Amino acid sequence: MSQLLLRSIIFLSLVGSMQVSAQDKVTIANGDTLPDARFYLKGEGHEYVEENARALLALLTYTHQHKNVRYLVMECGPDQAYLANYYLRNGGDSFPSNNFLYMREAFWKNLYEFNRTLPENARIKVYGFDHNRFVHTSRALKLMFGNDPRVSDRELRRYLFKVMDWETQKWDASLQEYFAKDLALLRPISAHYADELKKLLGNDYSAYLSIIENKTPMVSYVKRDKQMIAQFMDSLPSMNEGNILFNYGVAHTALNGEGFGERLNDDKRFRGAVCGIFPYYIKTDKPAALQSIESKIPPAVRDAAGRAPALSLIAIDPSSKFKRATWLYVHR
């Protein structure tokens with residue numbers, strides 16, 4: 001099988017006492033070409049964190065160079081996205097792990113090093129439209145306000161501290177409903193003191209609003225995706241410097257499903273602008289749900305993926321019965 005080497009990027013960064021070197025190469029199989037698209041939807045099975053991080057970093061840097069991708073949309077809330085962007089701007093040895101960012105510390109350190117090589121207007125920016133998590137919201141607000149919200153109104157100050165104090169709670173999904181009530185109390189009083197908050201927060205004010213106004217619920221993916229895509233559409237005009245790479249679970253990225261990918265692909269405004277990428281894990285312990293999806297991939301494509309090196313992209317014949325994505329992405 002002929003293969004075209006399209007990308008080789010080396011990052012050297014220090015993670016604790018361990019040196020991390022990323023030399024991952026995205027390869028397009030059979031001389032094909034990844035299409036020009038506005039939206040690249042990369043699916044993942046959440047079980048394989050290490051493989052996912054490696055594959056995402058390689059695809060992100062490849063599409064940044066070759067497909068003008070400038071935005072990374074993660075399966076996270078705007079609170080995690082704020083923490084990620086804060087780290088990508090400021091660095092700091094302990095920041096990613098201390099804030100429980102998905103993909104673990106090495107991914108964010110390597111992305112930070114990659115961004116540092118770029119002009120400021122070409123750097124990757126992270127977005128998130130999924131539900132908030134109280135620990136991330138608390139830490140994001142603490143960073144914004146420097147741990148002390150110096151606002152004039154006592155009630156606003158009290159509500160801010162109430163949300164910020166959630167950091168003291170150990171993560172427990174069952175507590176989210178109580179946190180959501182505290183966050184809801186912050187919305188109307190923040191609107192009342194909008195002018196003061198704008199002056200106090202400066203460039204962080206829009207991120208503050210996206211967090212406290214986030215309505216995506218922590219429920220099944222179909223209901224979440226309806227709200228996520230609505231909020232994404234509201235933010236899309238601000239994402240005008242380049243194209244967008246999404247990193248979501250495979251249920252969200254299915255072009256023929258009921259969630260985000262299907263809704264985006266079915267929008268008449270974006271016909272021909274969506275590229276679906278399905279992860280193919282060379283593993284023997286894959287969950288039954290993932291195996292069931294893979295059973296519908298054309299046998300010739302599965303065989304090619306089994307022989308291909310890691311991080312190979314393999315085009316799927318659009319006339320095949322596999323409509324979930326248009327490309328396979330090999331994870332080893």
GNM of the chain, Cα pairs under 10 angstrom: of GLY31, GLY261, GLY45, the biggest fluctuation goes to GLY31
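Quick one: which of LYS109/LYS226; LYS67/LYS109; LYS226/LYS268; LYS125/LYS181; LYS42/LYS170; LYS67/LYS286 span more than 21 angstrom between C-alpha atoms? Before the final figure, lay out the partial values.
On the way: LYS109/LYS226 32 Å; LYS67/LYS109 23 Å; LYS226/LYS268 17 Å; LYS125/LYS181 30 Å; LYS42/LYS170 31 Å; LYS67/LYS286 31 Å.
Beyond 21 Å between Cα atoms: LYS109/LYS226; LYS67/LYS109; LYS125/LYS181; LYS42/LYS170; LYS67/LYS286.
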Accessible-area order for ARG116, ARG70, largest to smallest, probe 1.4 angstrom, reads ARG116, ARG70
For PHE161, PHE100, PHE107, the accessible-area ranking with a 1.4 Å probe, largest leading, is PHE100, PHE161, PHE107
Working note, the stretch 62-111: Cα radius of gyration (Å, one decimal) and Dmax (Å, whole number) are 11.4, 33
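Taking only the Cα atoms of the stretch 21-172, how large is their convex hull per residue, in Å³? Don't skip to the end; give the middle numbers.
Numbers: hull volume 22.1 nm³, N = 152.
Spread over its residues, the Cα hull of the stretch 21-172 gives 145 Å³ apiece.
For the stretch 180-310, what mean projected area does the convex hull of the alpha carbons give, in nm²?
On the way: hull surface 47.2 nm².
Directional mean of the projected Cα hull area for the stretch 180-310 stands at 11.8 nm².
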Once phi for every residue in the stretch 67-73 is put through the Karplus expression 6.51 cos²θ - 1.76 cosθ + 1.60 (θ = phi - 60°), the whole-Hz ³J(HN,Hα) values, with Gly and Pro written as x, are 10, 6, 6, 10, 10, 10, 9
With all protein chains in place and a 1.4 Å probe, GLU120 shows an accessible area in Å² (nearest 10) of 150 Å²
Taking Cα pairs closer than 8 Å and at least 6 residues apart, the relative contact order of the stretch 224-305 in percent is 19 percent
So, relative contact order of the chain in percent, Cα under 8 Å, 6 or more apart, is 24 percent
By the Cα gyration tensor axes a ≥ b ≥ c (a/c under 1.5 gives rounded; else a/b larger than b/c gives prolate, otherwise oblate), the shape of the stretch 86-158 is prolate
Rounded to the nearest 10 Å², the accessible area of ASP32 using a 1.4 Å probe with every protein chain kept is 60 Å²
GNM on the chain, Cα springs under 10 Å; top mean-square fluctuation among ARG263, ARG302, ARG150 goes to ARG150
A correct Stokes-Einstein calculation for the chain, using the alpha-carbon Kirkwood radius, 20 °C and 1.002 mPa s, returns a whole-number D in µm² s⁻¹ of 102 µm²/s
Restricting to lysines and to Cα separations under 18 Å from LYS199, and discarding same-chain partners fewer than 8 apart, the set is LYS142
Ignoring ligands and nucleic acids, LYS181 exposes an accessible area, probe 1.4 Å, in Å² to the nearest 10, of 120 Å²
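What number, in percent, do you get for the relative contact order of the stretch 27-182 if the mean sequence gap of Cα pairs under 8 Å and at least 6 apart is divided by its residue count?
Values: 143 pairs, mean separation 36.2, N = 156.
That works out to 23 percent.
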Rounded to one decimal in nm, the spacing of the 7 Å Cα→Cβ label points at SER206 and ASP285 is 4.3 nm
For the ASP165, LYS323 Cβ pair and Förster radius 56 Å, calculated FRET efficiency rounded to 0.05 is 0.75
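The values are calculated or read from the model by the stated rules, or taken from the named source; none is laboratory data. Values in this document were obtained by computation on a predicted structure and should not be read as measured data. Glycine gets a Cβ as well: all are built from the backbone with ideal geometry, and neighbour counts include every protein chain shown. Surface areas here come from the heavy atoms of the whole protein model, side chains and all, with no ligands, DNA or RNA. Shrake-Rupley method; radii C 1.70, N 1.55, O 1.52, S 1.80 Å.
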